[in-house]
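Worksheet: the structure to be examined is printed underneath.
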């Protein structure tokens, strides 16, 4: 029943929230030349602290009835040290990691330990929010079907969506991706440089976006993401260790990649940071056990395939909503793949209640409160979910900052949309992957598993694959530079 009415509930809730946002004087929307919260037009940095790593958790407004709680994140005992949670000035990485692009930097070998006693008891054979489904031991991988669509590779179609079906959501959420500046960074021999730092800096606004190049040397910078168009002129800067290069003055957007050459040689990297972020609210109960079987297979195959050439660090994270057994249940990066499989098996779907979930708190934890390595070859975050964030102004502001910091750290977000995901969720998810250099994955109805799965908007022509094969393929493509 809940699945049948979720679109009606979501549309009603979103319209109410959107109306409140539009009349808010202190919301995220920016009007009449104003700047995002925390910015100062006279300081040369009107974007304020958008790139600063956030400490602690997002406090919810009393007017929004979050059960009176101000600490929205539940952390297992001993998972995070004070050093890991603290903000730093080394590009947004935790103090537990080496400074990015230091001549002596190596991938961190110290991982916080997780107390297994905090893993909730689960009964994978039942859920109070859905019909009885097989237990994990009864489910084999290679059943859930899915497709993938990369908006960065189909940019004209994305812009057409923003001008039509997604125009309302673009205004409501304040994620403006129109002003894109693609960048290509190579060495003196013309070979791509992976994980080079890039930034878009404008004369009046200062630094407006940061990103890191992928293995093929590509990065995408954006102007006016939070609704404040850069007045320009602007320039692109690329840095890799001690070397840097700048472009001529430009005005965004541009269609031809800005090519920058650095007189250096790419350093060999042998580390993959892989995070799986799961929505475990009750609405996921119709297919969570099947998705767990697919993701377990992915974990084991990545261990077998990639561990021959790379170190693989894996972090599993789970979230629900305020008032549930937990809001965020995070586990630190570890090379113990067997432990990760055990943690995954223990999870079940429950809680939730309303349609939006604590997405902003989950991403705040995932991006700012984990030891992403500054020396990883690739950083991938797969977000398995079926519901959008809450639509409150402070939630949107929090997400804008968190996604900006994810892009600056080179964390590529790859949403995996499950059954019941609506257009509200789709716009948010596709915006996240665009802004961080990821791609959009959506589960399909072809397998007959779970509730109804919506078709993505636009002229999407994507083949159907098994979810486990698709994700293994994507990991391989991002590691080889074949994602573009």
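In the set 222, 318, only one residue is in contact with a helix residue (DSSP H, G or I) (Cβ under 9 Å, 6 or more places away or on another chain), crowded, with 23+ Cβ neighbours inside 10 Å, assigned to a strand (DSSP E or B) and not assigned by TED's automatic domain parsing to the domain that holds residue 405; that residue is 222.
Could you list all residues from the stretch 314-338 that are more than 20 Å from residue 367 (Cα to Cα) and in contact (Cβ under 8 Å) with a residue 24 or more places away in the chain?
Passing the criteria: 323, 324, 325, 337.
Looking at 438, 454, 450 in this structure, which one is in contact with a strand residue (DSSP E or B) (Cβ under 9 Å, 6 or more places away or on another chain), free of Cβ contacts under 8 Å to residues at least 60 places away in the same chain and surrounded by 23 or more Cβ atoms within 10 Å (Cβ to Cβ)? Only one candidate passes the filter, namely 438. Apart from one condition, residue 259 fits all of (1) in contact (Cβ under 8 Å) with a residue 12 or more places away in the chain; (2) part of a loop (DSSP other than H, G, I, E, B); the exception is (2). Of the numbered criteria (1) surrounded by 22 or more Cβ atoms within 10 Å (Cβ to Cβ); (2) on the phi > 0 side of the Ramachandran plot, the one residue 353 fails is (1). Picking from residues in the stretch 277-299 that are out of contact with any helix residue (DSSP H, G or I) (no Cβ under 6 Å at 6 or more places or on another chain) and in a strand (DSSP E or B), the one that is surrounded by the most Cβ atoms within 10 Å (Cβ to Cβ) is 278. For residue 272, the stated conditions hold: it is surrounded by 18 or more Cβ atoms within 10 Å (Cβ to Cβ), modelled with pLDDT of 95 or more, under 21 Å from residue 194 (Cβ atoms) and touching a helix residue (DSSP H, G or I) at 6+ places or on another chain (Cβ under 8 Å). Here is the figure for the stretch 353-390: residues that are in contact with a helix residue (DSSP H, G or I) (Cβ under 8 Å, 6 or more places away or on another chain) and in a strand (DSSP E or B) total 9. Among the residues making up the stretch 181-196, those that are touching a strand residue (DSSP E or B) at 6+ places or on another chain (Cβ under 7 Å) and either in a loop (DSSP other than H, G, I, E, B) or not assigned by TED's automatic domain parsing to the domain that holds residue 251 (or both) are 188, 193, 195, 196. Checking the condition over 20 Å from residue 356 (Cβ atoms), within 21 Å of the chain's Cα centre (by Cα) and buried (at least 23 other Cβ atoms within 10 Å of the Cβ), which residue from 443, 411 passes? Answer to the selection: 411. If the condition is being under 28 Å from residue 312 (Cβ atoms) and either part of a helix (DSSP H, G or I) or under 10 Å from the mean Cα position of the chain (by Cα) (or both), then the stretch 414-430 contributes 414, 415, 429, 430.
The values are calculated or read from the model by the stated rules, or taken from the named source; none is laboratory data. These figures come from a predicted structure and were not determined experimentally. Quick reminder, even Gly has a Cβ in these numbers, built from the backbone with ideal geometry, and neighbours come from all protein chains shown.
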